[in-house]
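Trainee: Got a structure for you, questions after.
The values are calculated or read from the model by the stated rules, or taken from the named source; none is laboratory data. The structure displayed is predicted, hence computed values, not measured ones. Backbone-built Cβ (ideal geometry, glycine too); neighbour counts: all protein chains shown. Heavy atoms of the whole protein, side chains included, go into the accessibility calculation; ligands, DNA and RNA do not. Shrake-Rupley method; radii C 1.70, N 1.55, O 1.52, S 1.80 Å.
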There are 2 protein chains.
Amino acid sequence: MPRPSLSEALFTPRSIALIGASDAPGRNNSRTQLYLRKHGYTGAIYPVNPRRDEIYGEKCYPSVKDIPGSVDHAFVTTPPQTVPQVIRECGEAGVPVATVFTAEFAESGPEGVKLQQEVIDTARAVGVRLIGPNCMGIYNMDPPATIAPNLILELPELLKGNIGVVSHSGSLTGTFISRGQARGMGFSKIVSIGNESDISVAEIGEMLVDDPKTEAIMLFLETVRHADAFAAMARRAYAKGKPVMVYKLGRSAAAQEFTASHTGAIAGTDVAVDAFFRQHGVIRVNYFETLFELPMLILGREPKPGNRVSVVSTTGGGGGMIVDCLGVAGIDATAIPEARAKALYDEGAIFSNGPLIDLTFKGTRAENVSKVLDALVEMPECEGVVMVVGSSAQFHPELALKPFLNLKGSKKPLGAFLVPDAPESNRLLTDAGIAGFRTPEGCADAFRCALGWQPPIEVPETHASNIDAVVQAISAKPSGSLDEQESREIFDRLGVPQAASGVAKDDDEHAVAIAKDIGYPLVAKILSPDIAHKTEAGGVVLGIHNAAELAAAFETIRTRVTAYSKDARIAGFLLQKMEKGLGEVLLGYRHDPLIGPTVVLGTGGILSEVYGDVAIRVAPVSAETARGMIEEVKGLAPLRGYRGLPMGDLDALADAIVALSNLARLPDARIREAEINPLLVRKKGDGVVAVDGLVILG
Amino acid sequence: MPRPSLSEALFTPRSIALIGASDAPGRNNSRTQLYLRKHGYTGAIYPVNPRRDEIYGEKCYPSVKDIPGSVDHAFVTTPPQTVPQVIRECGEAGVPVATVFTAEFAESGPEGVKLQQEVIDTARAVGVRLIGPNCMGIYNMDPPATIAPNLILELPELLKGNIGVVSHSGSLTGTFISRGQARGMGFSKIVSIGNESDISVAEIGEMLVDDPKTEAIMLFLETVRHADAFAAMARRAYAKGKPVMVYKLGRSAAAQEFTASHTGAIAGTDVAVDAFFRQHGVIRVNYFETLFELPMLILGREPKPGNRVSVVSTTGGGGGMIVDCLGVAGIDATAIPEARAKALYDEGAIFSNGPLIDLTFKGTRAENVSKVLDALVEMPECEGVVMVVGSSAQFHPELALKPFLNLKGSKKPLGAFLVPDAPESNRLLTDAGIAGFRTPEGCADAFRCALGWQPPIEVPETHASNIDAVVQAISAKPSGSLDEQESREIFDRLGVPQAASGVAKDDDEHAVAIAKDIGYPLVAKILSPDIAHKTEAGGVVLGIHNAAELAAAFETIRTRVTAYSKDARIAGFLLQKMEKGLGEVLLGYRHDPLIGPTVVLGTGGILSEVYGDVAIRVAPVSAETARGMIEEVKGLAPLRGYRGLPMGDLDALADAIVALSNLARLPDARIREAEINPLLVRKKGDGVVAVDGLVILG
């Protein structure tokens, strides 16, 4: 037999070895074999167990190497310590891929990490690719190959569908099937990726992008690994019209810690992960249940960002809940424009107009409902429709629900919230391919996702010369923090305006000459290799107006710094023009441990930290993205002209953000961290100016 | 027949008149009659319709006055314009209460408001009490009296239960029954209160408090009316061990607007409503579905505030979702303390400890699950338990779910999140009286509610003399704003420290004498009946150090104020000691249109507004409540010693909050609004001092 491709070996293996097979009822390693046949796998199954001759009617082999035919896929359930040897034998037997169910590897502590490394090293050495370890298996629905012991396979039948799933959680693969099927949703392929030690979420994602049976990709993630490969996969999925939808743990600090310990993954910043998903056109849901309705809002549609949804209701209370939840999710419930409403009234339509388009008791008749709905579908102000149906959903779907079903095929995202428990009407929705929400909160989350969905952001071009200049400036420097003057130099070369300054030796006369060049009033700051926190050390004096004050400032700094740290060396003083702005910001650049280079904007200061009020994006960014960041930081409202305050120079601020974000273009990620704090923002037209900053080299 | 009590007339009427009865199939006014008999009402039914002799086998009457027997309850479905006359006839016929289904009253605009007033006036004149108008009816489950046309009554049977419901939304009364029954939850009584024109939510609530068949009260509210009566009802319910649970619309601005227009209700501040509920021991849920699980977490338990919940799981992914959602809701997922965990391991228990207590695949066996759960129930660090069950919930409830069911009757709130779709296992939970959550978000919300539930807050005592002094100060004043000096006087009498000050006539010499008394440096502020915004008018000069500067400041103010407003009269100048603090706060007192007197604390300034970072409580408050407010305002972190900053005098700040909140004790709500902004907070031990403020009399 020719060697299969990796995708073939995973999803359509012609033969499967079950290493650690068993005939003890109810054991994981016996269930897998039974489930395979039960769900229609027609290839060869080779149980491997040295203590059996036959299991469930299939000949059993002492080792994978003893199997006469070639094996496309091995499923491993033997104890952890045996796994390296099992993988070695797989390699020797020419098995291209092994799915390792066995747990107690990287997720279980330092010894497990070591053992997992041994498994990976062995696999690489013998040319076996790995899924897992600590995974629940892999399910192909058509043709059937369910290589997993998951109890969900007790179900008599599995629904086929067009959604491919990859999950860090093994048990949730069963949940997808269970909750999906309860709503009439089927899947194409499901992969429990476990500890993701070799084959990654991204690599499976790429296979799903190429899979003609998969039209959307759904991920349950505890972390993000291989960010670059993930990004490339997401972009290719987008280009092929296959939306990628993610539920990721880690909104709370507790969950971040937990997943770090549970999966051996590194904790990153959750908001940085948000930015990463947005950057690459991935949709992140907030509510788990959203995953089961969102495909119906977006499949077959292009992203069309917006935030206006029309809510039509037969019930004031139920409709009010949707309006409220949409509002909390940042979506406007949109009334029918007055002229259009008047025209509808003139045609005899019955409804009460407003954020809730209330059909009222009287208007809950098919003909009237259709009249109102048809108007909404035509209306450019309406970017999506939620139909809220009260008691009639349960007993008289023909009154309000059925007219809504006629909108099937509309280009706008459509969803219904049936206020009562109305399983049969929900089934009507599923059959029509229209989302049917069980909760008002889930409905709002799904519309937030659908209308917030954006194409991947294009990485802007830049002037390579800027980058070259920065590379030159740092090429000879060792890793660690640069001093303020060196940091200024980097920012300057990037194109961020700096306050005029000069370095004076620890010598009053020299300083006076430099001060004259810069011009008073001035700030003097200590330069010392031994002082990391200048202000804390008393190494900064503001508001120096003349030579006498300058000399006094030096003396003050010398005394305070010596008191702070007896042996601190004084390399000199940085003299800097004292600048003023309408306001100030913190502008930062950081390598997030999960997703790489990011740029951060905040108001700076303690309150910025307290409120967590920052905007983060994947670096580098375009001016447009930078403007989006400025909009996002609530605390910058005064600079945006809030309550008639003078506008700050937001164009210049955007330019500075773009400039700093270009650090991401440096080769070898040499700059680990950079921060300008504060960057003063002057009034519109007068630009921005950096007055302090720090660069840390990697 | 003796005249029934109002509660008897509403819930156990011996006879019901259906005014506007019909035999046209499917009409509201025909359904009510059919449903009454269908669900077992055994009293007399008198259809009223001048064009029929008999409807569905009951003799029909032209008017309620023609009915021979006495009528306990009238249900009115005639057109809006006829309702005043119908109510008059009810009065003449001695009917004690009418439930008005008819809509198009206050909810539909100014004409409806007028018509509704006519109905109320008539009802008062003739001694008829009213439910509605614009309501869906009223359901008593036992003995059955379902006086409503709601389609939900198509159900073959209604579950009896121990929960009483009052809803502003009529259609949602059906939803309660529908969603409740789907989960095995029944009700005692349900009232659609409609426009709440006469009988209020509070009044029905009082009846439910006294109803032996009701053990908990559930409210769906679009607004709060009759706040005092509502508060009294909630407190009495608490005292009788009947929790009050509320879903209230209005989290978003859009919903606030919508409910204001939809129900003719006034919009209040949603956070003030939150404070109101907390004040009176009412639990507000964030998620609609929480209503259906929360009773099982709290019924029969005393409030025991906390925030530590143990999460036990058979699935890492499912458990991780709960840990994450709890974290977002502010609840700590609590590990087993190390020593206890070690002891459990020594006894052979299998689990991985942490924020998620992961039973792992191996540990998902009944005996092991019980061992871990028993430990949690004993553990004082654990204030509630969430059991998360993966695929086994669907196919093998005996493994993990059943051991959990054995905890039934525990004093700690217990809930299960079944990750797959597992309706049968959910039924097992319902039967055991244990909450079974469908979504991780709903689970977290319910535990937030259960552990955040607190007894009603006792209103603290005060020194009546303070209040008397304030009453004296304002007794002669007309309504409107007081000037700064008059406002200071009020704050001073309340006991809030004021910056030393004096009023100088528009005369430099007089001013110099006063300044000497106060001591430099000083601030000078204009006093003018024509200037509302002193700073805007240029009427304030800071940092006056001597007599010369004082004279110059007066001159500056005169010039600027005249330029600002040509004819502004100058009544004099307020001279005030220039004060400094570690930080400043805004301290306000307001009459919320819905819930009455509130006290507000914020950081003041634009950012306080931008972030909405304020703490609000019902006034008056105790020192303990005031300290809770100080904790709650994020922007006060610096004054709380954040990152080693010097602590502010928070005791003095709490005293000032208490003092201002005492304005609520004034008779006749004479003070509508008061604001001290800023109140400077000095370092611990040095107190607080108000430097500007305003009082508005009603």
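Trainee: Would you tally the net charge around residue A:646, using a Cβ to Cβ cut-off of less than 9 Å, leaving residue A:646 out, and scoring K and R as +1, D and E as -1?
Mentor: Surrounding charge for residue A:646 is +2.
Trainee: Here is a further query. Roughly how far apart, in whole Å, are the Cα centres of segment B:14-84 and segment A:345-366?
Mentor: Using only Cα atoms, the two centres lie 28 Å from each other.
Trainee: Follow-up. Ordered shortest first, which distances in nm separate the 7 Å Cα→C-beta label point of residue B:411 from those of the other copies?
Mentor: With the label placed 7 Å along Cα→Cβ, residue B:411 yields 6.5 nm.
Trainee: Still on this structure: So who's got an amide H within less than 5 Å of the one on residue B:671, skipping anything under 5 residues away but keeping other chains? H placed 1.01 Å off N, in plane.
Mentor: Close amide H contacts, sequence-distant or interchain: B:698.
Trainee: Let me ask something additional. What is segment B:208-364's relative contact order, in percent, from Cα pairs under 8 angstrom and six or more apart in sequence?
Mentor: 18 percent.
Trainee: While we're looking at this one, here's another question. Full extension from residue A:510 to residue A:37: what is 0.36 nm times the residue separation minus their Cα-Cα distance, to one decimal in nm?
Mentor: In short, 161.5 nm is gained.
Trainee: Probe radius 1.4 Å, ligands and nucleic acids left out: can you give me the accessible area buried at the A-B interface, summed over both chains, in Å² to the nearest hundred?
Mentor: 5900
Trainee: Can you tell me, using C-alpha contacts under 8 Å and at least 6 residues apart, the relative contact order of chain A as a whole percent?
Mentor: With pairs under 8 Å counted, the relative contact order is 9 percent.
Trainee: Continuing with the same structure: Between B and A, which B residue has the Cβ nearest their rotation axis, distance in Å?
Mentor: Closest Cβ to the B-to-A rotation axis, residue and whole-Å distance: B:611, 3.
Trainee: I've got another one for you. From largest to smallest, what semi-axes in whole angstrom does the protein assembly as shown give when each is the square root of 5 times an eigenvalue of its alpha carbon gyration tensor?
Mentor: 54, 52, 28
Trainee: Any chance you could check segment B:321-370 for residues losing 50 Å² or more of accessible area when the partner protein chains are in, compared with the chain on its own (1.4 Å probe)?
Mentor: B:321, B:324, B:361
Trainee: Report the local net charge at residue B:696: Lys and Arg +1, Asp and Glu -1, summed over other residues whose C-beta lies under 15 Å from its C-beta.
Mentor: Net charge in that neighbourhood comes out at -4.
Trainee: Can you give the FRET efficiency to the nearest 0.05 for residue B:560 and residue A:532, using r as the Cβ-Cβ distance and R₀ = 45 Å?
Mentor: Taking R0 as 45 Å, the efficiency between residue B:560 and residue A:532 is 0.45.
Trainee: Need one number: nm distance between label points at residue B:668 and residue B:271, each 7 Å from Cα along Cα→Cβ, rounded to one decimal.
Mentor: It is 3.2 nm.
Trainee: To make sure I understand the rule: partners must be lysines, Cα under 27 Å from the Cα of residue B:213, and not fewer than 8 residues away in the same chain. Which ones qualify?
Mentor: B:38, B:160, B:189, B:240, B:242, B:248, B:304, B:408, B:411, B:412
Trainee: When the expected Rg is taken as 2.2 N^0.38 Å, what fraction or multiple of it is the alpha-carbon Rg of segment A:555-698?
Mentor: Relative to the rule-of-thumb radius for its length, segment A:555-698 sits at 1.17.
Trainee: Taking Rh as the Kirkwood radius computed over C-alpha pairs, what is the Stokes-Einstein D of segment A:534-601 at 10 °C in a medium of viscosity 1.306 mPa s, expressed in µm² per second?
Mentor: 106
Trainee: A further question on this structure: Relative to the compact-globule scaling 2.2 N^0.38 Å, provide the ratio for the alpha-carbon radius of gyration of segment B:590-648.
Mentor: Segment B:590-648 yields a ratio of 1.22.
Trainee: Compute the FRET efficiency between residue A:59 and residue A:85 as 1/(1 + (r/R0)^6), taking r as their Cβ-Cβ distance and R0 = 30 Å, and round to the nearest 0.05.
Mentor: That pair, residue A:59 with residue A:85, gives E of 0.85.
Trainee: In degrees, nearest 10, range 0 to 90: what is the angle between the Cα axis of helix A:270-279 and the longest Cα principal axis of chain A?
Mentor: 80
Trainee: Just to confirm my numbers, what's the Cα centroid distance between segment B:525-540 and segment A:568-642 in Å?
Mentor: 37
Trainee: Please compute the per residue accessible area over the protein assembly as shown with all protein chains in place, 1.4 Å probe, rounded to a whole number of Å².
Mentor: Each residue of the protein assembly as shown exposes 38 Å² on average to a 1.4 Å probe.
Trainee: Dividing the alpha-carbon Rg of segment B:316-457 by 2.2 N^0.38 Å yields what?
Mentor: 0.99
Trainee: Now a separate question. Can you tell me the length gained on complete extension of the stretch residue A:624 to residue A:427, counting 0.36 nm per residue apart and subtracting the Cα distance?
Mentor: In short, 66.6 nm is gained.
Trainee: With a 1.4 Å probe and all protein chains kept in place, how do B:689, B:503, A:610 rank by accessible area, largest first?
Mentor: Largest accessible area first, the list is B:503, A:610, B:689.
Trainee: Scan segment B:518-566 for trypsin sites (Lys or Arg not before Pro) in coil per DSSP, keeping those whose Cβ has at most 12 other Cβ atoms within 10 Å, and list them by number.
Mentor: B:566
Trainee: So, one more: Starting from a label point 7 Å past Cα on the Cβ side, list the distances from residue B:430 to the same position in the other copies, nm, shortest first.
Mentor: 1.8
Trainee: If you consider only alpha-carbon coordinates, what radius of gyration and Dmax does chain B have, in Å?
Mentor: 31.2, 99
Trainee: Something else: Using a Debye calculation, one point per C-alpha and no hydration shell, please list log10 I(q)/I(0) for segment A:170-285 at q = 0.16, 0.19 Å⁻¹ in order.
Mentor: These q points yield log10 I(q)/I(0) values of -0.77, -1.09.
Trainee: Would you grab the residues whose amide H sits under 5 Å from the one on residue A:417? Only those 5+ places off in sequence or on another chain, please, with H modelled 1.01 Å from N.
Mentor: So residue A:417 has HN proximity to A:387, A:388, A:389, A:437.
Trainee: Here's something else I'd like to know. So how tilted is helix B:83-92 from the main axis of chain B? Cα-based, degrees 0 to 90, rounded to 10.
Mentor: Between the helix axis and the principal axis of chain B, the angle is about 70 degrees.
Trainee: Right, here's the next one. Could you work out the relative contact order of segment A:632-698? I mean the mean sequence separation of Cα pairs under 8 Å and 6+ apart, divided by the number of residues, in percent.
Mentor: 30
Trainee: Leaving ligands, DNA and RNA out of it, report the carbon-plus-sulfur percent of the accessible area of chain B at a 1.4 Å probe.
Mentor: 51
Trainee: So the label point sits 7 Å from Cα along the Cα-to-Cβ vector; using that for residue B:367, what distances do you get to the other copies, in nanometres, sorted shortest first?
Mentor: In nanometres, ordered from closest: 7.2.
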